[in-house]
């Protein structure tokens, strides 16, 4: 249910895996919320040619497992799958897919939102944008997986 | 982007359609949130054998279009796809798939959540549950598409 | 005049028909049609307060007039999603 | 002692290497390794305040000791998702 891959992402494939993992657990799975990050045609007004994503694969998988554990701690019984793509991505392609499965729908949205916020905070993944007129590494959060304030912020966003 | 179908649902297929529809519009589409309603193995402690969904197809498609229009009114630039399955569904199969595409992620979750709340309020679709020990029609909301209080409630849930 | 009634879900099961023709005097509203239907299928009567209505694939109030040949659908509480 | 340094994204580009071996005196911390690295690749220096660190695939503080043969990764601000 956790992957860093060069292959195109599929919600259906990950959803099937996540649903199967939780089907017979507790109240089972009645709701699957998913999120796809998609390469946009423009960024801050600049025309995008393509993106490249790079990851520290082994550490990213550990981080995804940590996010799973955090989610299971806050939302008992929830199941979470995360796959991040690396390599060259064209406009319209998905860079990340998240699937959250819970018995009821409110929690599925919360878990999914929590996961994407945490990925943006602590996953060792980098986006390199190639524009018609140049290129740029995108630099977002300074990673600190022990930063409880960041985690609390992600929880707050997920549950607001 | 709107369908009532007897065929299995695919998030990937609907997401591709929704993404393409919004790719060249405004800021484009960087976030796709989706929701799948899935048949659970148990319902209130009773073992489920299978479900049957029935729809007033022509009216359901109009309702989905109304929900699209409501979403476009509240979230300009958002794109929304909805497919509801009818007929017999096994445990683990999806009854509904919703895909909401927006430039940024917060809105994609809101649009998706709004759509599922509205579907539950006003879509002319009925669920018939078949248990190991009996069967039951599920009867939820009395449909009133002009009920502004219901719409306001869905908006509130989506944006909380 | 005659209108074409469509029934769904539990209403369909109780009437043992997904569509039937109902005769009502002119003028008539959706409520007139419903009452005529309940004479034919008394088991539907308890649904009166929970039923919604669509005339020619448009949601309508029960007070809305119907015309000869109209399609009038009665909808029990919904449970999609 | 020698540690294996891994660099990512802009750091990798600036160093023109995704991995390199750095020699540091014993005892040493991740910060010692970083400073030795910056001597070799001065262009990395401005990243000091924004860099994160992982030792043997575990997030670590810059004050954490390193041992001979450790893998020490330095991570610029992330942008996944």
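Just so it is clear, none of the values below were taken in a lab; they were calculated from the coordinates. Nothing here was measured: the structure is a model prediction, and the numbers come from that model. With ideal geometry, Cβ positions are generated from the backbone for all residues, glycine too; neighbour counts draw on all protein chains shown.
Quick notes
- DSSP bridge orientation in chain A - percent antiparallel, rounded to nearest 5: 90 percent
- Cα-based shape type of region B:91-142, given that a ≥ b ≥ c are square roots of the gyration tensor eigenvalues and the cut on a/c is 1.5: prolate
- Prolate is the label for region A:2-158, because the ratio a/c of its alpha-carbon gyration tensor axes (a ≥ b ≥ c) is 1.5 or higher and a/b is greater than b/c.
- The fewest-to-most ranking of A:23, A:6, B:49 by surrounding Cβ atoms within 10 Å reads A:6, B:49, A:23.
- A crude spin-label estimate for the pair residue C:18 and residue D:61, with each label 7 Å from Cα along the Cβ direction, gives 6.9 nm.
- Using alpha-carbon coordinates, inclination of helix A:11-22 to the longest axis of chain A, degrees: 30 degrees
- Label point at residue B:58 placed 7 Å out along Cα→Cβ; residues across region C:51-81 whose backbone nitrogen lies under 20 Å: C:52-62, C:64-76
- Residues B:50, A:53 arranged by fewest to most Cβ contacts within 10 Å: B:50, A:53
- Counting only DSSP H runs of at least 4 residues, each contributing -39500 (n - 2.57), and dividing by the residue count of chain C, the helix-based mean residue ellipticity at 222 nm comes to -6500 deg cm²/dmol.
- Length gained when the stretch residue B:21-residue B:133 is fully extended (0.36 nm per residue, less Cα-Cα span): 35.7 nm
- In this calculation the C-beta distance from residue A:149 to residue D:40 is compared with R0 = 35 Å, giving a FRET efficiency of 0.50.
- Cβ crowding within 10 Å averaged over residues, with B:109-117, C:51-59, A:129-137 ranked highest first: B:109-117, C:51-59, A:129-137
- Neighbour counts of C-beta atoms inside 10 Å place B:126, B:75 in the sequence B:75, B:126, starting with the fewest.
- Cα gyration tensor category, rounded, prolate or oblate, for region D:2-75 with a/c compared to 1.5: rounded
- Per residue, chain B reaches -12500 deg cm²/dmol at 222 nm when only DSSP H runs of four or more residues are counted, each adding -39500 (n - 2.57).
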